[in-house]
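Chemist: Here you go, one structure.
The values are calculated or read from the model by the stated rules, or taken from the named source; none is laboratory data. Owing to the predicted nature of the structure, the values given are computational and were not obtained by experimental measurement. When we count neighbours, we look across all protein chains shown, and the Cβ atoms used for this are built from the backbone with ideal geometry, even at glycine. Only protein heavy atoms, including side chains, enter the accessible area calculation; ligands, DNA and RNA are left aside. Shrake-Rupley method; radii C 1.70, N 1.55, O 1.52, S 1.80 Å.
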Amino acid sequence: MEKAKKENKNEKVGPDGLTKKERRALKLSARPPQDNRSATEPTQNSLEKTQVNKLGNTITEIQNTIAAISMDSSKSLSEKEQRRLEWAKKLEEQNKEKGVDKNVSKAELKAKRREMQEAQRQLKTEHSKPVTKTPSTEKKDVEKKLETIQKHDTKKVDMKKEETKISPKKDIKKIIQPHKVQLVQHLYNEEILKLEANAVIVHQDIHPAFIKLGVQYGNKVVLGSNARCLALLAALKSLINDLKSHPKQEFCRYLETVLQVSANYLYTCRPFAVSMTNALRYFKLQLTQIDTNLKDSEKKAKLQDIIDTYIDDDINKAGDAISMKVREKISNGDVILTYGCSSLIRKILLEAHNDGKKFQVIVVDGRPLLEGKELLRRLVVAGIKCTYVLINALSYVMNSVTKVVLGAHALLTNGYVMSRIGTAQVALVAREYNKPVLVCCETYKFSERVQTDSFVYNELGNPDALSVTHINIPTALKKWKDVAKLTPLSLLYDVTPPDLVTAVVTEIAILPCTSVPVVLRINASDTT
Amino acid sequence: MTTSANIQEYFCKIIKQDEDVSVGVAAIRSLMEVIKFSNSETVQELEANLKEAIEAMKNTNYTVAAINSACELFIRFITLAALDTRDFEKCKKIMLARGHLFIKKLEEARGKIVRLAANFIEDGCKILTHSRSRVVLQTLRKACKQNKKFEVFVTISAPDNSGKRMVKDLETEGIPCTLILDSAIGYIMEQVNFIMVGAEGVVESGGIVNKVGSYTMAVCAKEVKKPFYVLTESFKFSRLFPLGQQDLPEEYKYTSDIRRKCDLSKIHPLVDYTPPSYITLLFTDLGILTPSAVSDELIKLYL
């Protein structure tokens, strides 16, 4: 903390030294004049010098010859020539000085600028995260920086006005934070939010079920679109059950406000899944339609009933319907490839197996979450013949596959499928091998959002997970925080374009991806 | 009239009598006949009768795709809709009235398609078509009546050589046409302007089920970048989603006779499935659709 303060003091001076003019002046004054011809002399200058020397030589030769012919005339000529020679030498020297100055300053400027930026960056990070310690290398850098700044302190005063005008521009232009990928800068707030969440964890308005849920979301204990939605609805139910009626407010309105606070808290733990957003929206809509004349206890019962029917109809029954539809498409002798662990896919495969279908499953998995292991375990227990590969072996196994069945996080209006990162790759390889790709998705996961790339909206996973192996042994990457230029990027989702997906299996029907808007329209007209 | 043999007979008679009646329309007419003459007393009984009749028609030697989708639509719109009246006789009358309306609509459908598609035929263009499709034939006739000069290539379309009949029909209209081998599709492709085919069924994905060889033609057209147009009535839309050729139901691929008698693995199929990515446009009585719009229309119809 002390150090940070110190640096802060110096920082005001720090960026001051950045103007070109000043630096050049400083350098000139600092450098002894003889230094010009030092080893750093550029080749161009030496070339010029030799040329001039050659010229001088030839001139003296001429001089001698002329002198031999006539002394008088030669003297005047030689004087002239000598003068010219002297002038040329002077010119050359000047040039050299300039050139050296320029060349040295360019390289040095860059280095200096970089140092400055680094120092600024450190200051910033130290301000935002007082807990993290600066590594020793960075410390050195800062110290060096401080020294240079102190050296040039005296000359800065007169130029201060100019600099203060310039420096903010530079800040805007070149904020490159360490360990952050420029393209997804907008996704990084998660960490800060996490800190905040920990700080205000004791919030009196939040039901303990929600606090627990928030922690579970944050630590990724509850994982998967369906599981997260079900957990949310369960927490919601206990909230309704425990909520005491407000003396002044109507029960539903009060519940609404409480729910809003809880939802905000949950959001700080982890951004909502589309399934959760949709479920919450549905619940809030139902909340507004409840008869206000009922007793509070009746309202409670009714609301819980609404949640139960939602879980039953939109999640469980939808899953059953999808399972039935996919089962029809699975024939004996099929080799089915799936990626990661979707609760729906697990259900489908197990039910198809219980139905007596003879098929084989290839579970493809991807680091760092390795969710596929869980799926593999359950399938093997059920007695299905399985193969387990990591995603880098995908093209090797794809040849023997007959169908690819994938889960989804959400289906977007433009037909894109949002799912666990790696799904797009699986779909791409499947298309390349001309294998049908079935995406299984309940309609409650359909979203009105439109997205064509994975960067606009996504979530960031824990970058530390990339630097350890699956059994938590750190790899060579473990010290990535020490290397400023190394930025691990761990995204959680990607989007798959509709032309890579043969069909989407929903509880309504097997549809092409392009029919998502129609389904959304129908669902919207149903609920209102 | 309620026995399945009678229905089959009636159904086949309609098709034989009138060349221009498609299998789907014939199936619906037969179902109307079932409603008219059935001596059932309840709606449920009638429905059972209808289902029996549908099964009977599926067992004739016509391709099932059109029968299936047309009957499904019929059952949906005529019988399900009539359940709100209590008197059975009244109900029956309503059903028949609706049925007539339905058939009338179906008969108008082809005219609409012809009007839409004929505009796409221009003077001097060359058209490739596969097998014999009534709606394609009528479209070409219409274009000819509009005094357009164009040339048609028709595949011979094995195994039933229906292309020969198509050529004969076109020649009587005075349309210049050439009969080509099925294997010459690739050769002829670069000369033609576009492809126009009919369809036995349109599936949920927006792809079509049609006489075997259509898929070959579509793949070829895509490679040579020629538009592939499909002319089809909307009653042929069915809620099926084949993932590939193997995934097509067997009743679509083989007639009932073959299914009963032969080893299917050694018999060539009668139809194949053309995925939506190979189809440029579908001309239907609902308008000119892209393949992805088929699913939208189906959702509208059935949900």
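Chemist: Within the stretch A:503-525, is even one residue touching a residue at least 24 places away in the same chain (Cβ under 8 Å), open to solvent by 70 Å² or more (accessible area, probe 1.4 Å) and in contact with a helix residue (DSSP H, G or I) (Cβ under 6 Å, 6 or more places away or on another chain)?
Modeler: Taking every residue of the stretch A:503-525 in turn, none turns out to be touching a residue at least 24 places away in the same chain (Cβ under 8 Å), open to solvent by 70 Å² or more (accessible area, probe 1.4 Å) and in contact with a helix residue (DSSP H, G or I) (Cβ under 6 Å, 6 or more places away or on another chain).
Chemist: Now a separate question. I need the full set of residues from the stretch A:330-372 which are part of a helix (DSSP H, G or I) and out of contact with any Asp or Glu (no Cβ under 7 Å at 6 or more places or on another chain), in order please.
Modeler: A:343, A:344, A:345, A:346, A:347, A:348, A:349, A:350, A:351, A:352, A:353, A:354
Chemist: Where residues in the stretch B:262-294 are among the aliphatic types (A, V, I, L, M) and in a helix (DSSP H, G or I), which of them is surrounded by the fewest Cβ atoms within 10 Å (Cβ to Cβ)? Spell out the reasoning first.
Modeler: Looking only at the stretch B:262-294, we keep the residues that are among the aliphatic types (A, V, I, L, M), and these are B:264, B:267, B:270-271, B:279, B:281-282, B:286, B:288-289, B:293-294.
Cutting the leftovers down to in a helix (DSSP H, G or I) gives us B:264, B:293-294.
Details: B:264: 11, B:293: 19, B:294: 29.
Among residues in the stretch B:262-294 that are among the aliphatic types (A, V, I, L, M) and in a helix (DSSP H, G or I), the one surrounded by the fewest Cβ atoms within 10 Å (Cβ to Cβ) is B:264.
Here's the yes/no breakdown for (1) modelled with pLDDT under 95; (2) in contact with a Leu (Cβ under 8 Å, 6 or more places away or on another chain); (3) not hydroxyl-bearing (Ser, Thr, Tyr):
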| position | (1), (2), (3) |
| --- | --- |
| B:158 | yes, no, yes |
| B:162 | yes, no, no |
| B:200 | yes, no, yes |
| B:213 | yes, no, yes |
| B:219 | no, no, yes |
| B:227 | no, yes, yes |
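Chemist: A follow-up question, please. Looking at the stretch A:496-514, which of its residues are over 28 Å from the mean Cα position of the chain (by Cα), more than 7 Å from chain B (Cβ to nearest Cβ) and part of a strand (DSSP E or B)?
Modeler: If the condition is that a residue be over 28 Å from the mean Cα position of the chain (by Cα), more than 7 Å from chain B (Cβ to nearest Cβ) and part of a strand (DSSP E or B), then A:504, A:505 are the ones that fit.
Chemist: For the structure I just gave you, tell me whether residue B:27 is in a helix (DSSP H, G or I) and out of contact with any Ser or Thr (no Cβ under 8 Å at 6 or more places or on another chain). Before the answer, list the steps.
Modeler: Working: in a helix (DSSP H, G or I): yes; out of contact with any Ser or Thr (no Cβ under 8 Å at 6 or more places or on another chain): yes.
Taking the combined requirement at face value, the residue satisfies it.
Chemist: Can you tell which of B:297, B:223 is more than 14 Å from chain A (Cβ to nearest Cβ) and either in a helix (DSSP H, G or I) or touching a helix residue (DSSP H, G or I) at 6+ places or on another chain (Cβ under 8 Å) (or both)?
Modeler: B:223
Chemist: Could you run through the stretch A:324-346 and say how many residues are in contact with a helix residue (DSSP H, G or I) (Cβ under 7 Å, 6 or more places away or on another chain), more than 17 Å from residue A:502 (Cα to Cα) and without any contact (Cβ under 8 Å) to a residue 60 or more places away in the chain?
Modeler: The total comes to 1.
Chemist: Looking at the stretch B:198-220, which of its residues are within 14 Å of chain A (Cβ to nearest Cβ) and of a type in the set (S, T, N, Q)?
Modeler: Answer for the stretch B:198-220, where residues must be within 14 Å of chain A (Cβ to nearest Cβ) and of a type in the set (S, T, N, Q): just B:205.
Chemist: Is it true that residue B:35 is farther than 25 Å from residue B:208 by Cα, in contact (Cβ under 8 Å) with a residue 60 or more places away in the chain and buried (at least 16 other Cβ atoms within 10 Å of the Cβ)?
Modeler: Taking the combined requirement at face value, the residue satisfies it.
Chemist: Any residue in the stretch A:239-250 that is closer than 14 Å to residue A:297 by Cβ sitting within a Cβ distance under 9 Å of a residue that is at pLDDT 85 or above and β-branched (Val, Ile, Thr)? List the pairs, counting only those 6 or more apart or interchain.
Modeler: A:240/A:307; A:243/A:258
Chemist: In the stretch B:236-258, is there at least one residue being away from chain A (no Cβ under 13 Å) and within 24 Å of residue B:118 (Cα to Cα)?
Modeler: Within the stretch B:236-258, one or more residues are away from chain A (no Cβ under 13 Å) and within 24 Å of residue B:118 (Cα to Cα).
Chemist: Given the condition within 27 Å of residue B:241 (Cβ to Cβ), out of contact with any helix residue (DSSP H, G or I) (no Cβ under 6 Å at 6 or more places or on another chain) and not charged (D, E, K, R), answer yes or no: does some residue in the stretch A:451-468 qualify?
Modeler: yes
Chemist: Still on this structure: Kindly list the number of the only condition in (1) within 22 Å of residue B:169 (Cα to Cα); (2) assigned to a helix (DSSP H, G or I); (3) open to solvent by less than 60 Å² (accessible area, probe 1.4 Å) that fails for residue B:16.
Modeler: (3)
Chemist: Could you list, in sequence order, the residues of the stretch B:250-269 that are free of Cβ contacts under 8 Å to residues at least 40 places away in the same chain and either of a type in the set (D, E, K, R) or under 22 Å from residue A:332 (Cα atoms) (or both)?
Modeler: Just the residues of the stretch B:250-269 that are free of Cβ contacts under 8 Å to residues at least 40 places away in the same chain, to begin with: B:250, B:253-254, B:258-267.
Listed by number, the residues that qualify are B:250, B:253, B:254, B:259, B:260, B:261, B:262, B:263, B:264, B:265, B:266, B:267.
Chemist: Also, I was wondering about something else. What do you reckon, is residue A:489 of a type outside the set (D, E, K, R), open to solvent by 10 Å² or more (accessible area, probe 1.4 Å) and more than 14 Å from chain B (Cβ to nearest Cβ)?
Modeler: Spelling it out, residue A:489 is indeed of a type outside the set (D, E, K, R), open to solvent by 10 Å² or more (accessible area, probe 1.4 Å) and more than 14 Å from chain B (Cβ to nearest Cβ).
Chemist: Applying the selection to the stretch A:272-296, what residues are surrounded by fewer than 19 Cβ atoms within 10 Å (Cβ to Cβ) and assigned to a loop (DSSP other than H, G, I, E, B)?
Modeler: Matches in the stretch A:272-296: A:272, A:289, A:290, A:291, A:292, A:293, A:294, A:295.
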